[in-house]
Ligand SMILES: Cc1cc2nc3c(=O)[nH]c(=O)nc-3n(C[C@H](O)[C@H](O)[C@H](O)COP(=O)(O)OP(=O)(O)OC[C@H]3O[C@@H](n4cnc5c(N)ncnc54)[C@H](O)[C@@H]3O)c2cc1C
């Protein structure tokens, strides 16, 4: 499709080209030849280390890390648009692999803005020197996620995970669930309540927690419907102690997390677009080669119309993702609303694209070894990531009408 290159800078075109080659030569053939591998019940055995090594070689593992610490920093004027281009391409090969990598970019952006310099030095150098190093961002808890996204800024909705300052250490107790890279990350950003009397916008703080900290346990790896090469995990903190300087933001950590979430939602939508592009490309090829009723499928008009519908939805998602990414790059006042629009719109449109792909593949669309159902499963995950569809819409309307739709619906 020509639209996927239109408006890109030369640097973005080059990066897109090398990601495309990585996916076409390496990722896609691996997934096709090893379709059973995502179902291995040993999470660490699913994705061979060689794939992350290869991602490292083409320089896409440490995006967002400042150059002075050995990372690959993109042109700041167009950084979020570049993230979108690369995330789409990797997800076109495999959405779980993309999840694994983009978590590093997103958390690196947060750390380069919020972490003290000596901790940036320590952790960015670990990240750049170890191709298996992963980062995670831990917000969701068993008793709270959607209300945090809105957020309901009242003490009763605050985080259950608590952090208390004792001398030179913060002591953290609680648990987090559904965390991307939660099973195998080496470093976690953890959000906790540091003042139960306040609403969560004033009473939530964020901390850096290294994996080997005593009191941290990885309780389980969640077995997800899609994006299975990213190991989603659950964490428990029992009297976990981190040094005082591991505090990233005190009190208004949720507000400051916008630096993570704005690019984050663009990246989510772009990965989602990559899944849709893979579904479209595979279907376009199939309907022009598979014969039914004496003619290739595309000669049957109902089939051709569905393909047109897929292409139209993809073009609409791409246009909105680009517009929203540009708004983030330019720090536009409507960037927040556009990010939520792009994320929720992509999740619903691409699921429809993946449904068309499955249906146009007929029985083959339902067979694991054919691989098209994987795209449908991968697409379904996006409905729930970075807020549900309903919560994303509530955030959109809240940002447009903060005084009415944006006010807490509890007692006056
Ligand atoms: C693959 C995957 C990766 C993830 N990665 C991360 C991660 O890295 N870090 C992290 O912190 N979290 C992560 N999450 C968690 C994700 O952000 C949450 O699942 C999501 O925000 C929804 O929260 P919940 O699952 O607790 O659903 P709930 O909040 O329990 O919602 C259940 C249903 O009720 C609705 N609902 C709930 N409250 C309200 C309300 N107040 N008003 C209207 N409707 C409401 C929701 O829309 C939804 O339909 C991940 C989730 C998935 C599936």
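From the list 147, 212, the lone residue that is modelled with pLDDT of 95 or more and out of contact with any strand residue (DSSP E or B) (no Cβ under 8 Å at 6 or more places or on another chain) is 212.
Quick check on my filter: what residues within region 366-383 are touching a residue at least 24 places away in the same chain (Cβ under 8 Å) and in a loop (DSSP other than H, G, I, E, B)? Passing the criteria: 371, 382, 383.
The single residue among 84, 163 that is farther than 23 Å from residue 225 by Cβ and out of contact with any helix residue (DSSP H, G or I) (no Cβ under 8 Å at 6 or more places or on another chain) turns out to be 163. Only helices (runs of 4 or more DSSP H) whose full extent lies in region 95-149 are considered here, and the ones with at least 2 residues that are more than 28 Å from residue 387 (Cα to Cα) are 117-129. Tell me yes or no: at least one residue of region 50-71 is at pLDDT 95 or above, within 14 Å of the ligand (Cβ to nearest atom) and under 20 Å from the mean Cα position of the chain (by Cα). No, region 50-71 has no match at all. The residues of region 158-191 that are within 12 Å of the ligand (Cβ to nearest atom) and part of a strand (DSSP E or B), listed by number, are 175, 176, 177, 178, 179, 188, 189, 190, 191.
Listed here are the residues, each with its yes/no results for (1) touching a residue at least 40 places away in the same chain (Cβ under 8 Å); (2) more than 20 Å from residue 87 (Cβ to Cβ); (3) in contact with a helix residue (DSSP H, G or I) (Cβ under 8 Å, 6 or more places away or on another chain).
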| residue | (1), (2), (3) |
| --- | --- |
| 273 | yes, no, yes |
| 279 | yes, no, yes |
| 288 | no, yes, yes |
| 294 | no, yes, no |
| 301 | no, yes, no |
| 305 | no, yes, no |
| 314 | yes, no, yes |
| 326 | yes, no, yes |
| 333 | no, yes, no |
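Residues in region 145-157 that are in contact with a helix residue (DSSP H, G or I) (Cβ under 7 Å, 6 or more places away or on another chain) and near the ligand (Cβ under 9 Å from one of its atoms): 146, 147, 148, 149, 150, 157.
The values are calculated or read from the model by the stated rules, or taken from the named source; none is laboratory data. Just so we're clear, the structure is a prediction, and the values are computed from it rather than from any experiment. Every residue, glycine among them, receives a Cβ derived from its backbone with ideal geometry; neighbour counts consider all protein chains shown.
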